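Q: This is the structure I have questions about; it appears just below.
The values are calculated or read from the model by the stated rules, or taken from the named source; none is laboratory data. Only a predicted model underlies this, so the values are computations on that prediction, with no experimental measurement involved. Every residue, glycine among them, receives a Cβ derived from its backbone with ideal geometry; neighbour counts consider all protein chains shown. Protein only, heavy atoms only, side chains kept; ligands, DNA and RNA dropped before computing areas. Shrake-Rupley method; radii C 1.70, N 1.55, O 1.52, S 1.80 Å.
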Amino acid sequence: MHRAVLHSIPKPIAVVLCYPSNPTAYVANLDFFAEVVRFARKHDIYVLSDLAYAEIYYDDDPPPSVLQIEGAMDVAVEFSSLSKTFSMPGWRMGFAVGNEKLIAALSRVKSYLDYGAFTPIQVAAATALNDGEQAIEEIRDVYRVRRAAMVDSFGRAGWEIVPPQASMFAWVPIPERFQHLGSLEFAKLLIEEADVAVSPGLGFGENGDGHVRIALVENEQRIRQAARNLRRFLETCDETLQKVGPKSAQD
Ligand SMILES: Cc1ncc(COP(=O)(O)O)c(C=O)c1O
């Protein structure tokens, strides 16, 4: 962020944050947000904070909001979606709060793009936001169970996974003996040899190439099935690895 602001021409007008993060599941703390707000005010840039995963967390502390920081309203907006919190992906329903000028700009742009979502979806969203606390708890529990199943069954299959603190993702280093393949080849190998689909870290940027993202979008039984397939794959993979060259040899 420092480098972009100091060296880019023209200077960036905004920084986009996403914590809990997709893809890394990392949860930023208040000190981080305080530093971002201080920096944004100093350099006259806006902060756009995507809080889509704020309700999918697993310990007692909800992930913080940038708007908890004094002075954040001068520079920040925070937006969220009902897609994850209420399992409403595809319903195109979300909301934004924060800096008045930015919210006014968003309203104007939205008024050019569409006239609002289908009314029954708006009514469902209002109900979810007003009375949805129990639904949120239930959805959180669903992910909690899936996360536990993943950590337990993948671990027993030989792939240790550090439990994510939040979100529906685990951002996992590629096991040592597959590192040389890179995330794309490794993800392809998992599909072909273990019927398990993960997202290659490379898809999120070149620095992600040592990792894959596992999404908890299947139920507990399917996660355990994936782990059984993985175990079989890991037990027999030395043979397979001889057939698959390192990334550089195939370029
Ligand atoms: C970080 C993040 N923000 C926003 C969204 C999108 O939400 P919506 O379904 O409302 O477009 C997603 C969905 O994948 C996401 O991962």
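Q: Return a yes/no flag: does segment 126-143 have any residue that is under 18 Å from the mean Cα position of the chain (by Cα) and buried (at least 18 other Cβ atoms within 10 Å of the Cβ).
A: The answer is yes, given that some residue of segment 126-143 is under 18 Å from the mean Cα position of the chain (by Cα) and buried (at least 18 other Cβ atoms within 10 Å of the Cβ).
Q: Quick one: which residue in 171, 91 is touching a residue at least 60 places away in the same chain (Cβ under 8 Å) and among the aromatic types (Phe, Trp, Tyr)?
A: Checking each option against the conditions leaves just 171.
Q: Which of the helices (runs of 4 or more DSSP H) contained wholly in segment 1-114 include at least 3 residues that are away from the ligand (no atom under 16 Å from the Cβ) and open to solvent by 50 Å² or more (accessible area, probe 1.4 Å)?
A: Fully inside segment 1-114 and qualifying: 2-7, 30-43, 100-113.
Q: Just the residues that are part of a loop (DSSP other than H, G, I, E, B) and buried (at least 16 other Cβ atoms within 10 Å of the Cβ), please, taken from segment 207-217.
A: Passing the criteria: 209, 216.
Q: Quick one: residue 224 ticks every box in (1) exposed (fewer than 15 other Cβ atoms within 10 Å of the Cβ); (2) in contact (Cβ under 8 Å) with a residue 60 or more places away in the chain bar one, so which box is it?
A: Among (1) exposed (fewer than 15 other Cβ atoms within 10 Å of the Cβ); (2) in contact (Cβ under 8 Å) with a residue 60 or more places away in the chain, the lone unmet condition for residue 224 is (1).
Q: Just give me the residues in segment 7-46 being of a type in the set (Ser, Thr, Tyr) and farther than 15 Å from residue 68 by Cα, in sequence order.
A: 8, 21, 24, 26, 46
Q: Something else: So which pairs qualify, if the first residue must be in segment 206-220 and more than 18 Å from residue 166 (Cα to Cα), the second must be in a loop (DSSP other than H, G, I, E, B), the Cβ gap must be under 9 Å, and the two must be at least 6 apart or on different chains?
A: What qualifies is 208/23; 208/24; 209/174; 210/174.
Q: While we're here: Could you check how many residues of segment 189-202 are closer than 15 Å to residue 213 by Cβ, part of a helix (DSSP H, G or I) and touching a residue at least 12 places away in the same chain (Cβ under 8 Å)?
A: So the count comes out to 3.
Q: Let me ask something additional. Let me confirm something: among 173, 164, which residue is crowded, with 18+ Cβ neighbours inside 10 Å, at pLDDT 95 or above and closer than 25 Å to residue 27 by Cβ?
A: It is 164.
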